[in-house]
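Everything below concerns the one structure shown next.
The values are calculated or read from the model by the stated rules, or taken from the named source; none is laboratory data. Computed from a prediction, not measured in an experiment: that's the story for all the values here. Virtual Cβ from ideal backbone geometry, glycine too; neighbours counted across all protein chains shown.
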Amino acid sequence: MNQKKEATYGHVLKFTGVFTGVQGIKLLASLIRNMLSSKLLGTIGFGLIGIYSNITEFVTSCTNCGIPINTTRQSSKLYEEGDEQALEAFACTVRTWCVWTAAMALFFIVLLSPILSYFFFDKRWDCWWEVVTLAPIPMLLLVTEGECSLLKGIRRLKWVASIETLTAITTLLTTIPLYYFMGLRGIVLALILSTLCGLLLHLHYSTRALPYRIRPFSMEVLRRGWPMVRQGLPYVVAGIATSGYTMLVPIIITSSGTVSDVGLYRAAFTLMAGYAGMAFVALETDYYPRLSAAVHEEGRMNECINQQVRVCVMIITPLLILLSLCMPWVIRILYTPEFLAVEKIALCAVFYSFFRALMLPVAYTALAKGKSMVYLTMEIAYSVVSCFIVWMGWTLWGLAGLGIALSLSALFDMAMILCCYGRLYGCRLQRGTVAGAAVQFVWLAVALAACLQPLLWVRFAVCVPVLCLSVWKSVSMFTSYRRIQ
């Protein structure tokens, strides 16, 4: 039993390390892309990219019918049963429904284009055609999500890692030339081409394991998929709530600010939630299938959750301290002088990723148990409260308030998830996990305080020793838990 636990902990660290390494490559490609994009497009270009991304994410969430989440869970179950014929039939069902959801996305974005134009383009109805040109992106994304979910369910994690690496490189190679030659006019085309490359890469790998077959006009196939779709409808509503929150943030900012302010917010969010959040990538790819298998035994479930929390905290805290220390130079390397205001937003948002490291492994419990209504309730509550917090932060403190709002919204989400899931499912963070996280929280708070003051020598005198202590704590926490197991 001890050997099994140790192997499990090693597995967690291994795959988190693998996907963190993949994220390192993605990070490098993204850094180069953002650096060149900021010089070619400026803050207005970043703001437009953010608006376009929010629109496509909203449409995707409204039309995916919860298929990705249910696909991973059900294909994982069929894979463990070893029924290849049933697995191929299930893949056909998933792909057929993905094609229909892509058609729904086209209809949806055309229908809502005037409304989206009004909200996102300064109350102008006449930008509807610009919204319609985004239609290929959610259509491609919906098919891609289905293929990716199948790969995760059948545990082709190395293939997923390869796809993510290649997608990051192809995105860089397709977007920058278009930005260079076409400027702002090339943004939509660049988003479409990069999404298409991602789909082709997923199909290249997924069809090697599961031959591609669809039967879009077969009532039998559509009926087989209907229970999955019906079960996924609450996830659709949850996705709409989350995407609605993501959409409302630019609207809140532009109500008294500019598109450039949206670009600054997006750049800061990318730094703290995108780059710093690389430690969370293994959650959906490796952790979610494992939790789904352990979720019916409370002890085994809590062990799985605590293992993932420890690994996330071990990785994320030193990374956040290092990023905070180097923030002025990171911004100067990645962006233009227009983006100097990003530092204040990003530093105020430093606890966003830390709180998510404690919350996300627990938050996956409802998904793993298939408790869609609980998941929906949590997402709606988070979206509503976060919108209010962002509005208050922006109104009271401007750009810095956006960073504070991100940290406070993550704190609220963490407290809500831990309390509710603890009561409903018995999810508990073990004493050792909480103690280790508390120590890392202190180191991070000390580093943040040093980075918020203007003296450079104080920044280095405090942050360098704190970074060393954080790394030491992470290593010692891992070795101690490994020894206990």
The lone exception for ALA405 - which of (1) at pLDDT below 90; (2) of a type in the set (Gly, Ala, Ser); (3) surrounded by 23 or more Cβ atoms within 10 Å (Cβ to Cβ) it fails: (1)
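Confirm whether LEU271 is more than 27 Å from ILE316 (Cα to Cα), crowded, with 19+ Cβ neighbours inside 10 Å and either in contact with a strand residue (DSSP E or B) (Cβ under 7 Å, 6 or more places away or on another chain) or of a type outside the set (Asp, Glu) (or both).
No: the conditions fail for LEU271.
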Any hit, the range 96-106, residues being aromatic (Phe, Trp, Tyr) and at pLDDT 90 or above: yes
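Being closer than 25 Å to TYR288 by Cβ and in contact with a helix residue (DSSP H, G or I) (Cβ under 7 Å, 6 or more places away or on another chain): is that true of LEU87 here?
Values: closer than 25 Å to TYR288 by Cβ: yes; in contact with a helix residue (DSSP H, G or I) (Cβ under 7 Å, 6 or more places away or on another chain): yes.
Judged against the criteria, LEU87 is a match.
Going through GLY239, GLY257, GLY225, GLY277 one at a time, which residue ends up being closer than 30 Å to VAL311 by Cα and either modelled with pLDDT of 75 or more or more than 19 Å from the chain's Cα centre (by Cα) (or both)? Lay out the reasoning, then the answer.
Working: GLY257 fails: closer than 30 Å to VAL311 by Cα; GLY225 fails: closer than 30 Å to VAL311 by Cα; GLY277 fails: either modelled with pLDDT of 75 or more or more than 19 Å from the chain's Cα centre (by Cα) (or both).
One residue alone meets the criteria, GLY239.
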Residue satisfying all of: in the range 327-351; at pLDDT below 85 and not in a helix (DSSP H, G or I); surrounded by the fewest Cβ atoms within 10 Å (Cβ to Cβ) among these: LEU340
Residues of the range 397-430 satisfying the condition of being β-branched (Val, Ile, Thr) and closer than 16 Å to TYR375 by Cβ: ILE417
Per-region count, the range 178-213, residues in contact with a helix residue (DSSP H, G or I) (Cβ under 8 Å, 6 or more places away or on another chain), over 15 Å from LEU151 (Cα atoms) and not basic (Lys, Arg): 18
Considering residues of the range 81-91 that are out of contact with any Pro (no Cβ under 9 Å at 6 or more places or on another chain) and in contact (Cβ under 8 Å) with a residue 12 or more places away in the chain only, the residue nearest to MET139 (Cα to Cα): PHE90
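Residues are listed down the side, and each one gets a yes or a no for (1) closer than 25 Å to ALA437 by Cα; (2) in a helix (DSSP H, G or I); (3) at pLDDT below 90; (4) touching a helix residue (DSSP H, G or I) at 6+ places or on another chain (Cβ under 6 Å):
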residue: ARG356; (1), (2), (3), (4): yes, yes, no, yes
residue: MET359; (1), (2), (3), (4): yes, yes, no, yes
residue: VAL362; (1), (2), (3), (4): yes, yes, no, yes
residue: MET373; (1), (2), (3), (4): no, yes, yes, yes
residue: GLU379; (1), (2), (3), (4): yes, yes, yes, yes
residue: CYS387; (1), (2), (3), (4): no, yes, no, yes
residue: MET392; (1), (2), (3), (4): no, yes, no, no
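Look through the range 297-312, keep the residues that are of a type in the set (A, V, I, L, M, F, W, C) and either buried (at least 24 other Cβ atoms within 10 Å of the Cβ) or over 20 Å from the mean Cα position of the chain (by Cα) (or both), and return whichever of them is nearest to ASN34 (Cα to Cα). Quick ask: steps written out before the conclusion?
Residues of the range 297-312 that are of a type in the set (A, V, I, L, M, F, W, C), as a first pass: 301, 304-305, 309, 311-312.
Add one more test, that the residue is either buried (at least 24 other Cβ atoms within 10 Å of the Cβ) or over 20 Å from the mean Cα position of the chain (by Cα) (or both), and what stays is 301, 304-305, 311-312.
Numbers: MET301: 39, CYS304: 36, ILE305: 34, VAL311: 28, CYS312: 26 Å.
Per the stated criteria, the residue is CYS312.
Looking only at the range 51-103, which residues are among the aliphatic types (A, V, I, L, M) and closer than 18 Å to ARG224 by Cβ?
Quick first cut of the range 51-103, residues among the aliphatic types (A, V, I, L, M) only: 51, 55, 59, 67, 69, 78, 86-87, 89, 91, 94, 99, 102-103.
Residues satisfying the conditions are ILE67, ILE69, LEU78, ALA86, LEU87, ALA89, ALA91, VAL94, VAL99.
State all residues of the range 123-151 that are among the charged types (D, E, K, R) and modelled with pLDDT of 85 or more; if no residue qualifies, say none. Steps first, please.
Residues of the range 123-151 among the charged types (D, E, K, R): 123-124, 126, 130, 145, 147.
Across the range 123-151, the qualifying residues are GLU145, GLU147.
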Subset of the range 64-80 (residues that are at pLDDT 85 or above and either within 20 Å of LEU189 (Cβ to Cβ) or in contact with a Pro (Cβ under 7 Å, 6 or more places away or on another chain) (or both)): none
Test: LEU399 is over 22 Å from THR270 (Cα atoms) and modelled with pLDDT under 95: no
Flag for ARG185 being of a type in the set (D, E, K, R), more than 16 Å from LEU140 (Cβ to Cβ) and either in contact (Cβ under 8 Å) with a residue 40 or more places away in the chain or not in a helix (DSSP H, G or I) (or both): no
